[in-house]
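J.: Below you will find the structure I want to go over with you.
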Amino acid sequence: MMTTNKYLIIGQGDIGLPVTNTLAQKDLAVTGLARSARSHYALYDNADFMQADALKLSAEQLQDFTRIAIIVTPDEYSTEGYNDSYLGICQHLAQFAGELSNLERIVFISSTGIYGQDNGEWIDEDTPPITPKRDASKVILQAEQVLRKGFDNQAIIIRPSGIYGRERLMRLRKARKTNKEPIAAQHWSNRIMDRDLVTIITNVLTIDDSDSLKPIYIATDYLPVTTFELETWLSQQIGAVAPSVDKQKASVTGKRLHSNIPLAWLNYPDWQVGYRDILQYQQD
């Protein structure tokens, strides 16, 4: 007899809420969890909302769920904030690993910031991370390790690169500036469209064949780009002043991520497709 999956999405922010609604649109039984109330949440009959602190959840509250996703951000972007969110939640859930008899899969949304490589290296799913410089990234890496130790192969890690989208316009705002600061010519960067990230998370949660899943997904598009090339291209598209090269920063920095996301999962396989969509959206 086939078991009906019950999904719990911990975190109802800009990524978590769309994941919850996407699962509900697929007629799947899903519960979204957040600490604060969601007044206009119930868009679908099969989407429930649990107002709770993930750090205070009991094994009994988690018992019915077969698949859980942790999609959180810190209250404040400090080491303490990351400890209280990413690490704290993973530690709390890991202590129940032996008690959650219905759990098949727990998905953690991490970050490619856990890779401390910074000399333009190519990174793939088999590349061990060099210890990152940022304390926040060290905490996220520790959270991954805690979850894996507790749940073993039930834990799936998704590491998104820089998230952008129609409402995430940092690069476009920089391109529009008239007084641009010089940019390093060879700093590599990587990105993923927010709507593609929602699709990736949803697919990883809903795939029935656990053996076909990867333990780690590098959630990025198929085309790393230097920040100089990106801002030059964006400036050309909007008729803005082109950036200049910072001659004081001649070394190759950043990293190039090799995506292991199936191409069929991406509507925006490279940054040009993504930013053309954003520019078109702003004109409509």
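Just so it is clear, none of the values below were taken in a lab; they were calculated from the coordinates. Remember, predicted model here, so these are calculated numbers, not experimental data. Virtual Cβ from ideal backbone geometry, glycine too; neighbours counted across all protein chains shown.
J.: Please give, to one decimal in nm, the separation of the simple spin-label points placed at Thr178 and Asp284, each 7 Å out from Cα toward the Cβ.
T.: 3.2 nm
J.: Any chance you could give the angle, 0 to 90 degrees and rounded to 10, that helix 271-283 forms with the longest Cα principal axis of the chain?
T.: In the chain, helix 271-283 runs at an angle near 90 degrees to the longest axis.
J.: How far apart, in nm, are the 7 Å Cα→Cβ label points at Lys149 and Ser210?
T.: 2.2 nm
J.: Let me ask something additional. Give me the three principal axis extents of the chain from the C-alpha atoms, as integers in angstrom, largest value leading.
T.: The Cα atoms of the chain stretch 61, 43, 35 Å along their principal axes.
J.: Quick one: 3J(HN,Hα) in Hz for segment 162-176, Karplus 6.51/-1.76/1.60 with θ = phi - 60°, rounded, Gly and Pro as x.
T.: Couplings: x, 8, 9, x, 5, 10, 10, 10, 4, 5, 5, 4, 5, 5, 7 Hz.
J.: Let me ask another. For the chain, give me the percentage of DSSP beta bridges that are antiparallel, rounded to the nearest 5 percent.
T.: On the way: 3 of 38 bridges.
So the antiparallel bridges in the chain amount to around 10 percent.
J.: Further, regarding this structure: In percent, how large is the relative contact order of segment 221-284, given Cα pairs closer than 8 Å and 6 or more residues apart? Present the calculation step by step, with values, prior to reporting the outcome.
T.: On the way: 28 pairs, mean separation 28.8, N = 64.
It comes to 45 percent, rounded to a whole number.
J.: A follow-up question, please. Please list, short to long, the whole-number percent of alpha-carbon pairs of segment 101-166 in consecutive 10 angstrom bins beginning at zero.
T.: 19, 48, 26, 7, 0
J.: For a footprinting-style exposure proxy, rank Arg159, Arg134 by other Cβ within 10 Å, fewest first. If you can, show how the numbers build up before the last one.
T.: Working: Arg159 25, Arg134 14.
By the 10 Å Cβ count, ascending, the order reads Arg134, Arg159.
J.: Please give the contour-minus-distance gain from Glu76 to Gln25: 0.36 nm per residue of separation, less the Cα-Cα distance, rounded to one decimal in nm. Walk me through the intermediate numbers first.
T.: Working: separation 51, 0.36 × 51 = 18.36 nm, distance 3.20 nm.
Gain in length upon complete extension: 15.2 nm.
J.: Using Cβ contacts closer than 10 Å as the measure, can you line up Tyr281, Tyr164 from fewest to most? Don't jump to the answer; show the numbers that get you there.
T.: On the way: Tyr281 11, Tyr164 22.
Going from least to most buried by this count: Tyr281, Tyr164.
J.: State, as an integer percentage, the relative contact order of the chain based on alpha-carbon contacts under 8 Å between residues 6 or more apart. Each step should come with its number before you reach the end.
T.: Values: 537 pairs, mean separation 50.1, N = 284.
In percent, rounded to a whole number, it is 18.
J.: Given only helices, namely DSSP H runs of n ≥ 4 each adding -39500 (n - 2.57), what is the per-residue ellipticity at 222 nm of the chain, to the nearest 500 deg cm²/dmol?
T.: Values: 9 runs with 87 residues, N = 284.
Rounded to the nearest 500, it is -9000 deg cm²/dmol.
J.: Sticking with this structure for a sec: Test of understanding: what is the full-extension gain from Trp233 to Val273, defined as 0.36 nm times their sequence separation minus their Cα-Cα distance?
T.: Details: separation 40, 0.36 × 40 = 14.40 nm, distance 1.22 nm.
So the extension gain works out to 13.2 nm.
J.: Need the C-alpha centroid separation for segment 127-193 versus segment 249-269, integer Å.
T.: About 11 Å separates the Cα centre of segment 127-193 from the one of segment 249-269.
J.: Restricting the calculation to Cα positions, tell me the Rg (one decimal) and the Dmax (whole number) of segment 162-264 in Å.
T.: 16.7, 53
J.: Would you mind checking which residues have amide H under 5 Å from Ile123's amide H? H placed 1.01 Å from N; only 5 or more apart, or other chain.
T.: For Ile123, the qualifying residues are Arg256, Leu257, His258.
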